[in-house]
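S.K.: Can you read through this structure? Questions will come right after.
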Amino acid sequence: MSIHMHMRAVAESEIRDDHTWLAAFMSEAWDNHPDEYAAGIAVSIDKVWGGVNDLYAYAAADVLDADAAKPWELPIYGGRPVAHSADADPSNPPLGILEPPGVSQAADFLASVSFDELWKVASAELVRFGRDEPQVRQGFLDCHRCLQGFYGQAATAGHAVVRAVWA
């Protein structure tokens, strides 16, 4: 079974805070994902987004300032959930919105954190995502770099990020 976390950058003024509308918007964005990915306005992580969040969380105490806000949560789970309306299709995906200030914080975090330092702390926990540590490391590095570029571009544009989970 394939499951993806799909993130789409969009001007906050274009977002309707309505689950049904956002689900349709994200469905259309998913249909156009290759073009949107190439344009840098969309990104998706297949199955391991929780592990990418863990990469940041495991290392938070050792690599990041433990007294700071939790910027490591922003790239994957940041923002607020969008509640289903009473008449929403129950098969619609879980949705969330990270508003522009949070997108900027996520971009700053991703630009400033060292993947190598994170990996030193978190690798023992994350190797469970595969048997070959260099291959697992490369997969997480690819996700990290992808998120760096995506959030950096979204922050520069002043965009929000809408998130959906597709199964």
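The values are calculated or read from the model by the stated rules, or taken from the named source; none is laboratory data. Because the structure is a prediction, the values reported are computed rather than measured. As a convention, Cβ positions derive from the backbone with ideal geometry for all residues, glycine included, and neighbour counts pool all protein chains shown.
S.K.: Do we have GLY152 as touching a helix residue (DSSP H, G or I) at 6+ places or on another chain (Cβ under 6 Å), without any contact (Cβ under 8 Å) to a residue 60 or more places away in the chain and under 22 Å from SER13 (Cα atoms) here? Spell out the reasoning first.
M.R.: Values: touching a helix residue (DSSP H, G or I) at 6+ places or on another chain (Cβ under 6 Å): yes; without any contact (Cβ under 8 Å) to a residue 60 or more places away in the chain: yes; under 22 Å from SER13 (Cα atoms): yes.
Here the answer is yes, as GLY152 does meet what is asked.
S.K.: Residue by residue through region 110-151, note down the ones that are among the charged types (D, E, K, R) and surrounded by 15 or more Cβ atoms within 10 Å (Cβ to Cβ). Outline the logic, then answer.
M.R.: Here is the first cut: in region 110-151, the ones among the charged types (D, E, K, R) are 116-117, 120, 125, 128, 131-133, 137, 142, 145.
Scanning region 110-151 gives a single hit, ARG137.
S.K.: Just to be sure before I move on: is GLU99 farther than 18 Å from VAL52 by Cβ, charged (D, E, K, R) and surrounded by fewer than 19 Cβ atoms within 10 Å (Cβ to Cβ) in the structure I sent?
M.R.: Yes; evaluated as a whole, the condition is true for this residue.
S.K.: Turning to a different aspect of this structure: Looking at region 91-167, what helices (runs of 4 or more DSSP H) fall wholly within it and have at least 2 residues that are at pLDDT 95 or above, over 21 Å from ALA23 (Cα atoms) and out of contact with any Gly (no Cβ under 8 Å at 6 or more places or on another chain)?
M.R.: Values: elements: 100-112, 115-126, 133-157.
Result: 100-112, 133-157.
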